[in-house]
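Asker: I am attaching a structure below and will ask some questions about it afterwards.
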Amino acid sequence: MSGRVADGGTPLMTQYREIKARHPNAILFFRMGDFYEMFFDDAELGAKTLGITLTSRGDGVPLAGVPVKAAADYLRQLLAAGLRVAICEQVEDPKAAKGIVRREVVETITPGAVLDETFLAGTKNNFLVAAWADEAHGRMGGLAAVDLSTGEFLLETMPGERLAESVSRLGPAEVVQPAESALPLDDGVMRTAREAWEFDPALAQDDLARRFQLASLDGLGLGAEDAPAVGAAGALLRYLAELQPGGLPHLMRPVARRGEGHLWLDEMTRRNLELVEPLRAGTKGATLFEVIDATVTPMGGRLLRQWVLSPLADAAAIDRRLDAVTVFFADPRGRARLREALEGVRDLERLAGRAAAGRATPRELGALRDSLLRLPDVLGAFTGLKDRESSALLAAIARDFDLLADLAARLSAGLSDRPPAVLADGDAIRTGFDAELDELRGLRDGGKQYIASLQERERGRTGIPSLKVGYNKVFGYYLEVTHAHAGRVPPDYERRQTLAGAERYVTPELKEYEAKVLGAEERIGQREGALFALLRDEAGRAAPRLQQTARALAQLDVWAGLADLAERNQYVRPAVDQGFELELVGSRHPVLERRMAREAFIPNDVRFEPSARVLLVTGPNMAGKSTILRQIGLCVLLAQMGSYVPARSARIGVVDRLFTRVGASDNLARGQSTFMVEMSETSAILHSATARSLVLLDEIGRGTSTYDGVAIAWAVSEHLHDRTGCKTMFATHYHELMQLPETLAHARNYNVAVRESGGTVVFLHRLEPGGTDQSYGVHVAELAGLPAPVVARAREVLATLEGEHRVAPGEPTPPADPGQLALFAGEPDPVLRELGALDVDSLTPLEALNRLAELKKRASRPK
C-alpha cells in the first residue's frame, strides 16, 4: 500500500474510509455510477467469494466491482457465504454535486434482513430472531422475531430450557444474542452478538411504546410476565435500526404467542415426524407440509407452515378452525370458485413491505395493482359460500374484509399496463395520468419523428443517397456522409467527427431538435420518477390495510386448501375435546399413503383411555410399528392445527405436548453415541411430559446390552405409567416388557400382526390386542437378501439361544446365570434386595438410570 493511500489518499478514498469505519463487519458495496465497487480487504474477500476479477486502482488500492443491474445475484452468493453487505448509494445527482458525490449506506443486508422477494422462499417466513435467558426472571427465556419481508412481529416467553427449541421452531435465518450467550443454533443460521444491556426489558419498554405510539405496553397485551420477550424485542429493534436506517414503516404491532395455547413440539418430534424437513435431505414429497399444502398463494403457504409447526392446544379454538374448513368442505363449487379467484393474487404481504420500505419496482407495484383488482372476485366467491355464517372465523373475515378499492383505482390510473422491471427503462406511468408528463412525451416523440424524417429530406437536398442520421451518447445526433460524397456536403454542415471512411456533421436545425428531444428525455425521467415515488408512497401508507387483507386471504386459502385435501383423500373431521380419550378408527399415515397405492396401505385403529393409557406394542422389524407411531402423532397434530384427519373417524382429547422418539438419531458429529442421544432424548421426555401429553417411543434402550436395555425400557414405562400418567405408546423388541401389564394396571399389550405360511412370513401391518414372543428377525434378514448359508446358520444359532435362555410368557423363569441381573424372577440376592428397597417415587428419571447402572455393574461382578 502506498504512503499516499495510507495517509488518506484521494477525496474519494477518504469518503470511502469514513463510511467503511462505520460498517467494519460488512462488505461495503460502494456505488460509483453503474457499479458497486469494493476496496481493500472487501475487494479481496468479495473477489474470492464471487469468483470475479481482483484488480487495483492507479494508486495501488485493491478493487473489485459488480454491475448494479446484476447486483442481486452477487448479493445472494455473499449471503449464502454467511456475509453481511452494506449498500452505499449515491444520494445526490452527480451533475449537481460540488466535489465528491454524497454517499450514504441505505441498508445492510444480512441473511435475516432481506426485503427482495427473489432472495426468499415463497412459503417460508424469513425470521430474524433475538433470544436470551433472563436471570432476573427465574431463568425465563424470551424471544422476539421479525420477518422484514412481511412485517410480522412475534414475541414469546418460555422457560429458559425451552428457548433453543422455540428458536429452532421458527427456522430463523439469523439470531441476535447477548455476546456471552451459548444458545445452540441449527446449521447455517447466522449468529449476531450484541451487548447484554441491549436486552434490558426496562429500556425496551420505552422503545416499544415509542415505536407503536402507546402510553404503555398494556395496549399490546403485554404484562410483567412478558419481560424477557420485551427485552429481546428491544435488542431486535435496535439492531434493525442499524440495518435499515430509513425505518420500517410496515412493521406490525407485535403479537404475543402464549405457549399454553399451543401444542408443544420439540426438535426431536419435528424431525421424527418430518413435518417440514425430510430426514433424508433432498427427498421430495416426504414431509407433512408438502403433502397437505394445497394453498394457491404465498401468504397461505406461509400460514399453513406456521400452523403445522405450532398447532393449537385449546379445543374451542381448534373447533373454530374446523368449522371454517367444514364450510369449504361442504361446498365444493364455492370452494373451487374461491380458489380460482385466489390464484391471481400475488404476495400482498411482501409487496406491501417493499412499497413501505421504498423498494418496490414499477413491475412489483403493477403486481400489487393486479392483485387488488382480483379482490372483488375473491370477496364475491367468499360471500357466496353456503352456510358461511356457521363459522365465527369466516363471519369475522367477512365483516372486516378490505377491498382497498381506493388504492387499486389510484394504481390503475397511474401505472401503465405493463410497467418495466426498472424505473429507468421508462414508460412506467400511464398516458393521461399527468398533463406535464404527457406534454414532455409529446415534445420528445415529435422531435424524434422530425429527426427520423430529416434523413430523407437531407438526401433530397444534397443528392447524397447514402447519407444517414445516427446517434451516440458522446456526440448526440449526427449526419454521416462517406468520403466519396464529401464534395456534395452543404456549407451549413458542421464537421463533428472524422472516421476512416466517413465524416459526421451536425446542422443548426439538428442541434435545435436534439436539444428538444434530449431535454425532454431527461425531464421525462425526472417527472416519471417523482410520480412513481408518489404512487409507491401511497401504497406504503396503505401497508397496514394490505397486511390485514393479506392475512384474511391467507386464512381463506389455508381453509379452502385443507377442505380440498380432505375431499380428495377421504379425511374426516375429528371430534376434539379437552378430555383424555384418544381414538382413531381406520387411521392412515398421510404421507406414506400418498406414496403408495391407496388399497396397499393398511389402516389401523388405536384407543387411549384412562384405564388403558400405556400401550406396549411388539412385533418384528418391517411389521410397521414405527409407521403406526408416526401416523398417530400426525393425526393428532393435524387435528390440533384445525385440519381433517386421514381416518374413518377420530376423537381427539387435546394434548399439550407431543413427543416422539422414533428411529436412530446418531449425533456423532457432536461426539455423542446413538445410545447417549437416545438417553438424552428420553430424559427430556420424562422431565417435560405431563398427564395431558402424548408420548410415542420406539425401541428405547436398544443401543446398549440386552439386560441394560430391558431395565431402562422397564423403568421408563413404569415412570410414564405411575408418575406422569400420560398417553403412551411404546414399541419394543423386548418381549420381557409384555409382563408389564401384570403389574401396571393401565398398561395393555398390542402387537403388529404377522402370519406364517409355508415357512414364509407375511407382514399384515395391522395392530391387534395381545403381545407376541416372535421377533422374525431371521426372516427379515432373508427378505433383505442375506446369503442363504448365513440365514441357515442364523436359524441354527437362534434355536440354540432360544433353547437355553428363552422364557415364554407364563412359564417359570429358570435360575439366572451367575453374571446376570435377574430382573423378574430367580433367587433373591443382595442386589435385588437393594433394588426392592429403593424409594422409586423419590428418584428423578436420571437418578433412577444411574442407580440401575450401578446395580448392573455390581451384579455383573463374578461371585
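The values are calculated or read from the model by the stated rules, or taken from the named source; none is laboratory data. Just so it is clear, the structure is predicted and the values come from calculations on it, not from any experiment. Because the Cβ atoms are built from the backbone with ideal geometry, glycine has one as well, and the counts that use them run over all protein chains shown. Ligands, DNA and RNA are stripped out before the accessible areas are found, and what is left, the full protein with its side chains, is counted by its heavy atoms. Shrake-Rupley method; radii C 1.70, N 1.55, O 1.52, S 1.80 Å.
Asker: Relative to the Cα centre, what is the charge dipole magnitude of region 79-176, using +1 at the beta carbon of each Lys and Arg, -1 at the beta carbon of each Asp and Glu, and rounding to the nearest 20 debye?
Answerer: Approximately 260 debye in magnitude.
Asker: Measuring from label point to label point, each 7 Å out along Cα→Cβ, what is the Ala81 to Thr498 span in nm?
Answerer: 5.0 nm
Asker: Rounded to two decimal places and with Rh computed the Kirkwood way over Cα pairs, what is Rg over Rh for region 396-451?
Answerer: 1.23
Asker: Just to confirm my numbers, what's the Cα centroid distance between region 117-178 and region 552-603 in Å?
Answerer: Each part's Cα centre sits 30 Å from the other's.
Asker: Send over the semi-axes of region 197-264's equivalent ellipsoid, whole angstrom and largest first, taken as the square roots of 5 times the C-alpha gyration tensor eigenvalues.
Answerer: 21, 14, 13
Asker: Any idea which of Ala360, Ala341, Thr326 is furthest toward the positive side of the dipole for region 321-401, if Lys and Arg beta-carbons carry +1 and Asp and Glu beta-carbons -1?
Answerer: Ala360
Asker: Further, regarding this structure: Run the dipole for the chain about the Cα centre, Lys and Arg Cβ at +1, Asp and Glu Cβ at -1, nothing else charged, and hand back the magnitude in debye, nearest 20.
Answerer: 2040 debye
Asker: Related question: Run through all the Cα pairs of region 283-344 and give the fraction in each 5 Å bin from 0, expressed as whole percent.
Answerer: 3, 15, 18, 26, 22, 12, 4, 0
Asker: Tell me, how many Å apart are the Cα centres for region 721-748 and for region 279-306?
Answerer: Result: 36 Å between the Cα centres.
Asker: Write down the accessible area per residue of region 122-242 in Å², having rolled a 1.4 Å probe over the full set of protein chains.
Answerer: That works out to 39 Å² per residue.
Asker: How many nm separate the modelled label positions at Asp187 and Lys473, each set 7 Å beyond the Cα in the direction of the Cβ?
Answerer: The answer from the label model is 4.6 nm.
Asker: Next question. Which value in deg cm²/dmol, rounded to the nearest 500, describes the helix-derived mean residue ellipticity at 222 nm for the chain, given -39,500 (n - 2.57) per DSSP H run of n ≥ 4 and division by the residue count?
Answerer: Here the helix-only value at 222 nm equals -13000 deg cm²/dmol.
Asker: Over the chain, what is the percentage of antiparallel beta bridges among all DSSP beta bridges, to the nearest 5?
Answerer: The antiparallel proportion sits near 65 percent.
Asker: What FRET efficiency comes out for Asp417 versus Ala515 if R0 is 30 angstrom and r is the Cβ-Cβ distance? Round to the nearest 0.05. List each step's numbers first, then the result.
Answerer: Values: r = 32 Å, r/R0 = 1.05.
Approximately 0.45, to the nearest 0.05.
Asker: Continuing with this model, one more query. Treating each Cα of the chain as an identical point scatterer and ignoring solvent, apply the Debye formula and state log10 I(q)/I(0) at q = 0.06, 0.07, 0.10, 0.11 Å⁻¹.
Answerer: Normalising to I(0) and taking log10 leaves -0.57, -0.72, -1.19, -1.33.
Asker: Given the C-alpha centroids of region 498-538 and region 201-238, what is the distance between them in whole angstrom?
Answerer: Cα centres, region 498-538 to region 201-238: 53 Å.
Asker: Round to the nearest 10 and give me the degree value, 0 to 90, for the angle of helix 508-541's Cα axis relative to the longest principal axis of the chain.
Answerer: 30 degrees
Asker: Another one. Using the C-alpha gyration tensor of region 111-167, what are the square roots of 5 times its eigenvalues, in whole angstrom, with the largest one first?
Answerer: Numbers: eigenvalues 148, 18, 13 Å².
Its equivalent ellipsoid spans semi-axes of 27, 9, 8 Å.
Asker: A follow-up question, please. Quick one: dipole size for region 466-539, taken about the Cα centre, charges +1 on Lys/Arg Cβ and -1 on Asp/Glu Cβ, in debye to the nearest 20.
Answerer: For this selection, approximately 260 debye.
Asker: Please compute the per residue accessible area over region 269-397 with all protein chains in place, 1.4 Å probe, rounded to a whole number of Å². Don't skip to the end; give the middle numbers.
Answerer: On the way: 4680 Å² over 129 residues.
Heavy-atom SASA per residue in region 269-397 reads 36 Å².
Asker: Here is a further query. If you consider only alpha-carbon coordinates, what radius of gyration and Dmax does region 417-515 have, in Å?
Answerer: When restricted to the Cα atoms of region 417-515, Rg and Dmax are 17.0, 51 Å.
Asker: Once you have all Cα-Cα distances for region 188-311, histogram them in 10 Å bins from zero and send the whole-percent values.
Answerer: 10, 29, 31, 25, 6, 0
Asker: Structure shown: which of Lys48/Lys473; Lys625/Lys727; Lys48/Lys98 lie over 25 Å apart, alpha-carbon to alpha-carbon?
Answerer: Check vs 25 Å cut-off fails for Lys48/Lys473; Lys48/Lys98.
Asker: With the crude spin-label approximation of a point 7 Å out along Cα→Cβ, what separation in nm comes out for His485 versus Ala691?
Answerer: Roughly 10.3 nm, to one decimal.
Asker: Give the accessible surface of region 552-614 per residue, rounded to a whole number of Å², with probe radius 1.4 Å and ligands, DNA and RNA excluded. Each step should come with its number before you reach the end.
Answerer: Working: 2340 Å² over 63 residues.
So region 552-614 comes to 37 Å² accessible per residue, rounded to a whole number.
Asker: Let me ask something additional. Considering only His735, Ala424, Leu518, whose Cα is most displaced toward the positive end of the charge dipole of the chain, charges sitting on Cβ of Lys, Arg (+1) and Asp, Glu (-1)?
Answerer: Of His735, Ala424, Leu518, it is Leu518.
Asker: Could you tell me which of rounded, prolate or oblate describes region 259-408, using a ≥ b ≥ c as the square roots of the eigenvalues of the alpha-carbon gyration tensor, with rounded for a/c under 1.5 and, failing that, prolate when a/b is larger than b/c and oblate otherwise?
Answerer: Because a/c hits 1.5 or more and a/b fails to exceed b/c, region 259-408 counts as oblate.
Asker: Also, quick follow-up: Taking all protein chains as present, what is the carbon and sulfur share of the accessible area of the chain, in % to the nearest whole number, probe 1.4 Å?
Answerer: Numbers: 20070 of 38720 Å².
Answer for the chain: carbon and sulfur cover 52 percent of the accessible area.
Asker: Please give the length that would be gained between Glu436 and Arg139 if that part of the chain were fully extended, namely 0.36 nm times their separation in residues minus their C-alpha to C-alpha distance (nm, one decimal).
Answerer: Result: 100.5 nm gained on full extension.
Asker: Then there's this: Based on the alpha-carbon gyration tensor of region 147-250, what equivalent-ellipsoid semi-axes (square roots of 5 times the eigenvalues) come out, in whole Å, largest first?
Answerer: That gives 22, 17, 13 Å for the three semi-axes.
Asker: Name the shape class, rounded, prolate or oblate, that the alpha-carbon gyration tensor gives for region 362-428, where a ≥ b ≥ c are the square roots of its eigenvalues, rounded holds for a/c under 1.5, and otherwise prolate holds if a/b is larger than b/c and oblate otherwise. Don't skip to the end; give the middle numbers.
Answerer: Numbers: a/c = 3.75, a/b = 3.57, b/c = 1.05.
It is prolate, given that a/c is not under 1.5 and a/b is the larger ratio.
Asker: Hey, what D do you get for region 1-149 in µm²/s if you plug the Kirkwood alpha-carbon radius into Stokes-Einstein at 4 °C and 1.567 mPa s?
Answerer: Details: Rh = 17.3 Å.
Calculated translational D: 75 µm²/s.
Asker: When the chain is fully extended, how far beyond the present Cα-Cα distance does Leu534 get from Arg648, taking 0.36 nm per residue of separation?
Answerer: 35.3 nm
Asker: If R₀ is 56 angstrom, what is the calculated FRET efficiency for the pair Glu854 and Arg568, using the beta carbon separation as r and rounding to 0.05?
Answerer: Using R0 = 56 Å, I get an efficiency of 0.50.
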